[in-house]
1. Could you give me D for segment 95-186, from Stokes-Einstein at 4 °C and 1.567 mPa s, where the hydrodynamic radius is the Kirkwood radius over C-alpha pairs? Units µm² s⁻¹, please.
2. Place +1 on the Cβ of every Lys and Arg and -1 on the Cβ of every Asp and Glu in the chain, take the dipole about the Cα centre, and give the residue among W127, I160, A184 whose Cα lies farthest towards its positive end.
3. Tell me the volume per residue, in Å³, of the convex hull enclosing the alpha carbons of the chain.
4. Give me M158, M50 ranked fewest to most by other Cβ atoms within 10 Å of their Cβ, as a rough exposure proxy.
5. Fewest to most neighbouring Cβ within 10 Å: what's the order for Y168, Y17, Y31?
6. Normalised by the residues of the chain, what does the relative contact order come to in percent, with Cα pairs under 8 Å and at least six apart?
7. Using the count of nearby Cβ atoms within 10 Å as a rough guide to exposure, how do R175, R92 rank from fewest to most?
8. Calculate for the chain the 222 nm mean residue ellipticity that helices alone would give, adding -39,500 (n - 2.57) per DSSP H run of length 4 or more and normalising by residue count, nearest 500 deg cm²/dmol.
Amino acid sequence: MFQVKKLPYDTRALLPYMSEETLKFHHGKHYQTYVDNLNKLIAETKFEDMSLEEIIKQTAFNVEYTPIYNNAAQAFNHGFFFDHMALNGNKRPSHELLKKIEQTFGSYENFEKEFKAAALAQFGSGWAWLVEDQKGNLKVIKTANADTPIASSLKPLMTIDVWEHAYYLDYQNRRGDFVDAFLAHLINW
Ligand code: MN
């Protein structure tokens with residue numbers, strides 16, 4: 001049985017950039033529902049004793065397993081997302097990763113621009129990510145709906161959820177303002 005990862009802060013900790021109401025719905029309802037659905041779908045199947053990552057890799061790109069994949073991917077994505085926020089937390093990555101970001105994108109500010117562009121370019125629901133490929137190269141990518149870099153053996157280093165449920169209560173249609181607030185105040189490397 002999978003469980004939601006507990007928030008590493010309380011539901012008022014990200015004010016004013018993410019409201020208590022948003023966290024209560026997003027973590028307490030949306031994320032919880034993905035985990036509950038996953039548990040129901042894998043009960044008494046070969047997936048029951050696997051890790052989330054294993055389930056994702058074994059169900060990705062296979063229409064027979066789309067519901068399991070979608071819920072496993074969303075369970076992973078949300079656990080990762082909530083763990084990488086804090087109010088004015090670690091706004092820059094470790095020295096080593098920061099150097100790699102600067103080498104790849106030119107500067108941290110350019111990385112932020114690319115990350116924001118990916119978050120805005122994702123049409124409809126999805127995610128923007130900083131990932132590392134198997135050769136150690138960094139990339140900014142976007143994924144649609146539940147899709148997760150784990151399915152393609154990419155290592156996630158940062159993400160933002162751009163499903164409307166992530167920001168609509170606080171920012172309505174202003175996804176760009178949410179991404180700006182995330183990068184300036186919520187990101188926690
Ligand atoms: Mn979400």
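1. It comes out at roughly 96 µm²/s.
2. With unit charges placed on the Cβ atoms, the residue in question is A184.
3. Looking at the chain, the number lands at 112 Å³ per residue.
4. Ascending Cβ contact count within 10 Å gives the list M50, M158.
5. Least crowded to most crowded, the residues run Y168, Y17, Y31.
6. 26
7. Starting with the residue having the fewest Cβ neighbours, the order is R92, R175.
8. Value at 222 nm, helices only, nearest 500: -12000 deg cm²/dmol.
Readers should treat all values here as calculations from the given coordinates under stated rules, not as data from a laboratory. Since this is a predicted model, take the numbers as computed values, not measurements. Here the Cβ is made from the backbone with ideal geometry for all residues, glycine too, and neighbour counts use every protein chain on show.
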